[in-house]
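A short worksheet on the structure shown next.
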Amino acid sequence: MSLVQTDSARFARDVLAASAERPVLVDFWAQWCGPCVALAPLLERLAQDLAGRLDVVKVDTDSEPELAARYGVRALPTLKLFRHGAVVEEVVGMQPPAVLRALVDKHLEKPGDAVITRARAKLAAGDAAAAVKMLHEAVRAEPTHWPLRLELASALLDVQDVTGADDVVRELPANVAEDAAARALRARIELARVVEHAPAAAQLEEQVKANPDDLEARYLLGARHILAGEHEAGLEQMLEIMRRDRTFREDLGRRSLVSAFEIIGSDSDLAKRFRARMTGLMY
């Protein structure tokens, strides 16, 4: 049974370290608390049902007031779900079994998560076709496990199946479609369509070298750099378009920078640095 009592000395091991492997649900409770006592058998059942996938850890707040204070526990029972060392969900008070299960379900590892790991290994080994096949099968088995669909769309782009990737992304539900990963995929698809029939990067380099004002070639070169993972080189080309002509294709330099930030991560240091340079050209 994945249910244990812990204290300050063992909390780092039982909760923080363990949450790197699986979700850990921490029950802050006390013996005098009626709802805590009523909740206990429900938590025991949850631990039994999800043994190996979820740990349930109990903290007696009378014995461990420092732990309770550290995690801002102000009422009992308080349940906090930890993943990778951080609190990802929290609920206070007596809860029915359905609420407890819903609290942890979205953080439980699913069969498709292991498929994603294997597919990424295939991609790293250069076998993108095998990764795509594996992900297609996993999507059929778990059609509502959206990370699988996102991973499939990314793998389809790696095999230059832009239409297939676009079809997968278009089928995502609205709430998933607005996630950062989905926005990044749409931006990659847009750039992939742009360069579908474009010259190779080396030829575009020569065109830009011969004519620095060839902004179309700069845009295609920047897109190729971004798609190849050469993010800084790509951003430099897009920024140069913006610097040379803000009117080119309705401020394409600025718009392509914003799109590229989605791909590389809007909060990344590189995006922040180029966003500051972009802003400097705007005002």
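The values are calculated or read from the model by the stated rules, or taken from the named source; none is laboratory data. From a predicted model like this one, the values you see are computed outputs, not experimental measurements. A quick note on method: Cβ atoms are made from the backbone with ideal geometry, for glycine too, and the neighbour counts reach across all protein chains shown.
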Do you know which of the residues in region 49-75 that are over 16 Å from VAL24 (Cβ atoms) and touching a residue at least 40 places away in the same chain (Cβ under 8 Å) is nearest to the chain's Cα centre (by Cα)? ALA68
Could you say whether any residue in region 56-75 is surrounded by 15 or more Cβ atoms within 10 Å (Cβ to Cβ) and under 25 Å from THR144 (Cα atoms)? no
State whether one or more residues within region 7-24 are closer than 20 Å to VAL92 by Cα, in a loop (DSSP other than H, G, I, E, B), among the polar types (S, T, N, Q) and assigned by TED's automatic domain parsing to the domain that holds GLU90. no
Of the residues in region 100-123 that are touching a strand residue (DSSP E or B) at 6+ places or on another chain (Cβ under 7 Å) and assigned to a helix (DSSP H, G or I), the one that is surrounded by the fewest Cβ atoms within 10 Å (Cβ to Cβ) is LEU103
In region 124-141, is there at least one residue being touching a Pro at 6+ places or on another chain (Cβ under 8 Å), without any contact (Cβ under 8 Å) to a residue 40 or more places away in the chain and part of a helix (DSSP H, G or I)? yes
Just to be sure before I move on: is GLU89 touching a residue at least 12 places away in the same chain (Cβ under 8 Å) and outside any strand (DSSP E or B) in the structure I sent? no
Given the criteria among the aromatic types (Phe, Trp, Tyr), within 25 Å of ASP158 (Cα to Cα) and under 27 Å from the mean Cα position of the chain (by Cα), does PHE261 qualify? yes
Restricting attention to region 149-206, the residues that are in a helix (DSSP H, G or I), farther than 20 Å from ALA130 by Cα and of a type in the set (D, E, K, R) number exactly 8
So which of LEU100, LEU135 is under 18 Å from the mean Cα position of the chain (by Cα) and under 28 Å from GLU21 (Cβ atoms)? LEU135
